[in-house]
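In what follows, a structure is listed as structure tokens, so that the remarks can point back to it.
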Amino acid sequence: MFLTILASGANGASSQATGGSLVMTLVMVALWIGVLYLIMIRPQKKQQKEMDELRDSVKPGDNIMTTGGFYGVVLDVVDDTVIVEFGNNKNCRIPMHKNAIAEVERDEDATSEE
């Protein structure tokens, strides 16, 4: 397409033909940007919003998996920090940021009551 514009300019074609193909090129670029937005950026934003809602809904008693692959039970939630108990050892309690939560498993009793 670019070579066509250069060739028509070199041959002394009218400015209307060059302007028309330039507008068409800009329309095609805008169309490609729109398609890329719909295919790549929009689904990523939707997935990030769902993960943020999941992390904000964490409450004490939920079973979680961290981004490191550790499973634990949430003991307390304070702002952006959660205190998680790992394993059967009651002394293994670690505070961590909410962004380290990869999955949340609700208790069956809590979900049936809601």
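Throughout, read-outs are computed from the coordinates displayed, never taken from laboratory work. Every value quoted in this text rests on a predicted model; they were computed, and no experiment measured them. Positions of Cβ are backbone-derived with ideal geometry, glycine not excepted, and every protein chain shown enters the neighbour counts.
One table, with the values for the structure above:
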{"read-out": "Residue within segment 50-57 that is among the basic types (Lys, Arg), out of contact with any Phe, Trp or Tyr (no Cβ under 6 Å at 6 or more places or on another chain) and loosely packed, with under 15 Cβ neighbours inside 10 Å present", "value": "no"}
{"read-out": "Close pairs from segment 37-61: first within 17 Å of Ala102 (Cα to Cα), partner surrounded by 10 or more Cβ atoms within 10 Å (Cβ to Cβ) and of a type in the set (Asp, Glu), Cβ under 7 Å, at least 6 apart", "value": "Pro60/Asp76; Gly61/Asp107"}
